[in-house]
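See below for the structure under consideration.
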Amino acid sequence: MWSAFRAWRRKRLLARAKLDERTWRRALQRFPFAQGLSAEERKRLQELTALFLHDKRFATAHGLQLNDAMRLHVAIQACILILNLGIEFYRGWREIVVYPAGFVPRHQYTDEIGVVHQGDEAYAGEAWLHGPVILSWADVAETEYPDGVNVVIHEFAHKLDMLNGSANGYPPLHRGMSRQVWAEVFGAAYKDFCMRVDRDEDTVIDPYASESPAEFFAVLSEAFFELPDVVHAEYPGVYAQLLEFYRQDPRTRTGFRSQRRESGAEY
Ligand SMILES: [Zn+2]
């Protein structure tokens, strides 16, 4: 009964929230990760994006003017993560706050020895447990090229990680996946990556991944979608786990080796 209701709601929403075909195609072609999607996958991404735009509420700060194209730009990137998972994976929260550029969080945090700090570095994004995703538009707008840095994918990977509590690099695994294998594979890769960063190796994967297991999962998710060959070559076990978790294989897509295009973006 419940699933019948959900299917009915979904159909009704999609009928109402249909994205204009031309706008959709133009928006999609900006993303290398979308280039190798099959027709069926593109359709699914389009439906998810429409549902996402319907379900989530965008707010702005510092006078940023957000238009439909900008909302779509965020939504497509957020939805590539859940292409084969479903909109339910973004349940339990509603708001996306967009700043014009990097922002300094007001909240304080307490370190291991109990000292409370007030952050003073500019952030490109933040994800709150049961709360909003916060993004810097300047950083969001920069993410069209596959360089392994994508603030939207990063923050929404944290959101998936937070489905079972605070972000710790351990999202809820699907049936058939092994918690032990996940922990072993990610644990070993994280340790190796931290060693590489410690000895100042110039890694292709963003060294910020060495910050914590939670950041490792988020950064490796960015790289999984933007630089899948690199993740596969450096940490094949992690690639295999991410493939099972996201239920998709970005290496099979073609957009990554295509030329770097001028964006021609309009927002
Ligand atoms: Zn992070």
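The values are calculated or read from the model by the stated rules, or taken from the named source; none is laboratory data. Please read these numbers as outputs of a predicted model, since none were measured by experiment. With ideal geometry, Cβ positions are generated from the backbone for all residues, glycine too; neighbour counts draw on all protein chains shown.
Points worth noting:
- In the stretch 122-143 there is at least one residue matching the filter, namely being in a helix (DSSP H, G or I), within 16 Å of the ligand (Cβ to nearest atom) and under 20 Å from E95 (Cβ atoms).
- Here E41 meets the list (1) surrounded by 13 or more Cβ atoms within 10 Å (Cβ to Cβ); (2) closer than 25 Å to H130 by Cβ almost entirely, failing just condition (2).
- Taken together, D192, D161 contain a single residue that is at pLDDT 95 or above, among the acidic types (D, E), more than 14 Å from the ligand (Cβ to nearest atom) and outside any loop (DSSP other than H, G, I, E, B), which is D192.
- Failed criterion for A167 (all others in (1) in a helix (DSSP H, G or I); (2) within 14 Å of the ligand (Cβ to nearest atom) hold): (1)
- The stretch 67-89, subset in contact with a strand residue (DSSP E or B) (Cβ under 9 Å, 6 or more places away or on another chain) and in contact (Cβ under 8 Å) with a residue 60 or more places away in the chain, residue nearest to F225 (Cα to Cα): A78
For every residue, the table says whether it meets (1) under 14 Å from the mean Cα position of the chain (by Cα); (2) more than 18 Å from R179 (Cβ to Cβ); (3) more than 16 Å from the ligand (Cβ to nearest atom).
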site: D202; (1), (2), (3): no, yes, yes
site: P207; (1), (2), (3): no, yes, no
site: A218; (1), (2), (3): yes, yes, no
site: A223; (1), (2), (3): yes, yes, no
site: Y235; (1), (2), (3): no, yes, yes
site: V238; (1), (2), (3): no, no, yes
site: F245; (1), (2), (3): yes, no, yes
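- Listed by first and then second residue, the pairs linking a residue in the stretch 209-223 that is farther than 9 Å from Y190 by Cβ to a residue that is near the ligand (Cβ under 9 Å from one of its atoms) and assigned to a loop (DSSP other than H, G, I, E, B), with Cβ atoms under 7 Å apart and 6 or more places separating them unless they lie on different chains, are A214/A167.
- Test: V197 is in a helix (DSSP H, G or I), modelled with pLDDT of 95 or more and within 16 Å of the ligand (Cβ to nearest atom): yes
- Criterion (closer than 22 Å to I153 by Cα and part of a loop (DSSP other than H, G, I, E, B)) met by exactly one of L37, L72: L37
- The requirement of being among the β-branched types (V, I, T) and without any contact (Cβ under 8 Å) to a residue 24 or more places away in the chain is not satisfied by V185.
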